[in-house]
Amino acid sequence: MDRKKQLKKLYLMPKVTSLEPQKKNPHRFNIFLDGEFAFGADEDLVVNRRLVVGKIIPAEDLDKILFEAEVGKLMEKMYRLWSIRQRSEREVRNYFRTKKFSQMVIDAVVENLKKKDMINDLEFARSWVEARRRSQNKGIRAIKAELYQKGIDKEIIESMDNGQWTMDNEKQLAQKALEKKLKVWRNLDPQKLKQKATEFLLRRGFEYEIVKEVIETLSDIR
């Protein structure tokens, strides 16, 4: 018998007898019904459901409260993931599917995250582009492919081109990406060097025309 069924059997018209802040997270509370621990709840659930000492919970509301408590617990997990980096909607949904949560729970978590503006694929795409170009020196094609994999809509991806993906910017980024490699390849003959540099920049997602110009203008490769 799962936890929800156990609680429904134990509590037909339960009364909240105690709320205790959790030791590891004072923003979450242990809820006691009729003197026994029943479930954990976040601040939003406590406030929205007015879970105060003495409150009688109608039997028909208990399932809803337990469902919301489960969603709230998953929200806490999301806060921890967001402390590492922002996530796209597809990433969130895929994460919970691997954990075998029901579609109803996943939809509820995603909706809550959207209300809190934690899921915003447009902002995610902007941050991703900035971070990848700064830390990875990747070209347009590579970054667009990554965004597609993250489930970002084509319209959003195309809207990212707000002037930052100009040919001059791409050339500068390609030159920067190539700098370290040139030191490694400095003893190669010019033809082999050009071949390796071309293949490297294409793998980095730079357009062929950009790669061609960079190869022709870098004095180290001439």
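The values are calculated or read from the model by the stated rules, or taken from the named source; none is laboratory data. Please read these numbers as outputs of a predicted model, since none were measured by experiment. Here the Cβ positions follow ideal geometry from the backbone for every residue, glycine too, while neighbour counts run over all protein chains shown.
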When Q86 is evaluated against the numbered criteria (1) part of a helix (DSSP H, G or I); (2) within 19 Å of F124 (Cα to Cα); (3) not aliphatic (A, V, I, L, M), which criterion, by number, is the only one it fails? (1)
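Yes or no, residue by residue, for (1) surrounded by 17 or more Cβ atoms within 10 Å (Cβ to Cβ); (2) under 24 Å from the mean Cα position of the chain (by Cα); (3) more than 17 Å from M118 (Cβ to Cβ); (4) assigned by TED's automatic domain parsing to the domain that holds R28:
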site: A59; (1), (2), (3), (4): no, no, yes, yes
site: S83; (1), (2), (3), (4): no, yes, no, yes
site: Y95; (1), (2), (3), (4): yes, yes, no, yes
site: T98; (1), (2), (3), (4): no, yes, yes, yes
Here is a check on your reading of the model: is R133 closer than 30 Å to W82 by Cβ, at pLDDT below 85 and either part of a helix (DSSP H, G or I) or charged (D, E, K, R) (or both)? yes
Reported set for segment 142-158 where residues are touching a helix residue (DSSP H, G or I) at 6+ places or on another chain (Cβ under 9 Å), loosely packed, with under 15 Cβ neighbours inside 10 Å and among the charged types (D, E, K, R) is D153, K154, E158
Looking at segment 25-48, which of its residues are aliphatic (A, V, I, L, M) and either at pLDDT below 90 or outside any helix (DSSP H, G or I) (or both)? I31, L33, A38, A41
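Table: residues versus (1) assigned by TED's automatic domain parsing to the domain that holds Y79; (2) in contact (Cβ under 8 Å) with a residue 12 or more places away in the chain; (3) within 23 Å of Q175 (Cα to Cα).
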site	(1), (2), (3)
A125	no, yes, no
V129	no, yes, yes
S135	no, no, yes
G139	no, yes, yes
Q149	no, no, no
K154	no, no, no
